[in-house]
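Written out below as structure tokens is the structure these notes cover.
Bear in mind that the values in this text are calculations on the coordinates, not laboratory data. Since the structure is predicted, the reported quantities are computational estimates derived from the model, not experimental observations. When we count neighbours, we look across all protein chains shown, and the Cβ atoms used for this are built from the backbone with ideal geometry, even at glycine.
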Amino acid sequence: MTRRCGRAIVSAIAFAACCSLATPAAFAQATADANGTVLGIDADDIVVDLGASKGASEGVIVELWRPFKLRHPVTRQMLTDRFRIGALRLVQVRSALALARPEGELARPPAVGDIVILLGKAPAAGRPAATATTESDASAGPTAEPHGADAADPEGRELCTMFDALKGQPPAARIARYEQQVRTRPQSRYARVLREEAIYLRRLHGADGGAVEPKTAGRAASTFHPPESAVANEPLTIGVEMPSASGAVLHVRHAGEVAYLSHPMHAAGAGYFRATIAPVQMKAPQVEYFIESVNTQGAAAPLVGTAEAPQTVEVQEPPRPEPPPNPSATVAVFTDYADYNRLRGNDFAWQTEGYFGLRYRDVGVRAVRSGFGVYRGVGGSVYDLDALRLRGRKVGLTYGYLEGEYATSAFIGLIARLALGLTDEGVNGGGQFFVRLGNDKLTNLLLGCEVLGSIGLRGIAELQWNTLPRVPIVIRTEVTNQPAGAPARRPFFNPETTDVSTQDGDIGARAMVQIGYRLVPSFTLAIRASYEGRTIQHAGPGAGVGATYSW
């Protein structure tokens, strides 16, 4: 099938060349004026410079070719060639330009600079179209007779005679005759055409003229196992076994690129060749490549894949190890006094806390803190303290705690604290739970609650405003029944024998503002002021100070 196809192609070209030999002007028209270039692409229309001045007319079919000019990586020869993309039909023809549209499917999208070749014209009105030549006719050779050439062109008559003599001859005979004609008349205006035809025949057929499938040449005598995957930014070595080849070339490109980068493959033992793809070309998600074998004459033939249908290898990004977190440390201490009854000394709380903490990252385990606290207070119910004039009941808890913060994202964090300590009645404990909206290093909002055994409950909403770099501000509100949030335990208090309130404290509210100042970026002093109360008459002021050091 390949032999017949090659003969058909050569015979058809020879027939066209012979028919164009009528006059020198006719040959120039066929080899120069019949070629054009794609000048632009406008939506579905392709603009070409084949106009009526070059013999084009509406309905004519032209071929579309892609030119290439590359340097051979092994022989270092500059190779110039072109590849057929498809056919176009001229739909509008003006004097110098024409609009064309694809005729059938194109192998690649057309591009500016592509070459167009005029094959023929649409049949004139009243003139029947030429009868199509079948493959068998083409294989038999051209049908033009020598006497069809112009008598004023002896070289044209000689070529026609040569083509007649080559009818039915194998490709090897045609190649030899074309090359002999070029050597005999190297300055002939037909030498270039004959030389190109000889080159094309050699590419389609072996050196002995036997037909060889171009896409499988050399594969039967080769062994190749393609890599299944590779790592990005790491070199990849590809090897192939070719006992009958003298060399090979590996062509590589990153997925999405147009041009290939060629790597000569080096011998790695008898019949083995290998080349290494540089790390700069190993980019995810995919690398495309094909391999060509090279014979002793420097001719290349596809071996593994082709430029149009390359092999692919998946490229994966390597796992990136994260450096261990370098946590920042913080030491802080705060003391705070809150009076709920006009400084009468029967309803107040004094709390001091200090902690050491490590902050790791924005997402995940954000921080861990460990600290201590001392809570002392006096309190009871408003009725006992104001109406019955009873003394407030003393309460207290000395405790230690462990606190952790986990961030589901850079914006949301969860804080939990577990506390354990001693009261006058024995061991007791408590805890806190907060939801943080925002990053703790920026402005954020804390919403949560606290439970302290024998002392009471507290609901907290705290806005940490960190807009001013050197002046952090905290605005906090609380709803609480501390300090005497739980009734006294018997037999410590007997309401029939004591003047101390044993009832649990009423719910009150507290508003606090804290203003800090960073003396240096790592050290901050803060003061706070508050006002709290359980009723309008049962209320009082509060104050506190604190210090924080980070490194």
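A few notes on this one:
- Of the chymotrypsin sites (Phe, Trp or Tyr not before Pro) found in the range 366-462, those that fall in a DSSP loop while having at most 14 other beta-carbon atoms within 10 Å are F411.
- Backbone HN-Hα couplings from phi across the range 507-516 [Karplus 6.51/-1.76/1.60, Hz, Gly and Pro as x]: 6, x, 10, 9, 10, 9, 10, 10, 10, x
- Estimated vicinal HN-Hα couplings, Hz - the range 375-387 in sequence order (Karplus 6.51, -1.76, 1.60; Gly, Pro = x): 10, 10, x, 9, x, x, 6, 4, 5, 5, 7, 9, 8
- Rounded to the nearest whole Hz, the Karplus-based 3J(HN,Hα) values (6.51 cos²θ - 1.76 cosθ + 1.60, θ = phi - 60°) of the range 86-92 follow the sequence x, 10, 10, 10, 6, 9, 9, with x at glycine and proline.
- Distant-in-sequence amide contacts of N428, defined by a placed amide H-H separation under 5 Å and a gap of 5 or more residues or a different chain, comprise G421, L422, T423.
- Between amide H atoms placed 1.01 Å from N, distances below 5 Å from I412 occur with G438, all of them 5 or more places distant or on a separate chain.
- What you get for the range 290-364, charging only the Cβ of Lys and Arg (+1) and of Asp and Glu (-1), is a dipole of about 380 debye around the Cα centre.
- Ranked by the mean number of other Cβ atoms within 10 Å per residue, highest first, peptides 538-550, 318-330, 503-515 order as 503-515, 538-550, 318-330.
- The range 328-550, relative contact order in percent, only Cα pairs under 8 angstrom and at least six apart counted: 20 percent
- Simple Cβ-charge dipole of the range 328-550, Lys/Arg +1 and Asp/Glu -1, about Cα centre, in debye nearest 20: 540 debye
- 5 angstrom amide H check on A87, placed H, neighbours 5+ away: L64, E103
- Cα principal axis extents for the range 216-316, largest first, Å: 36, 27, 19
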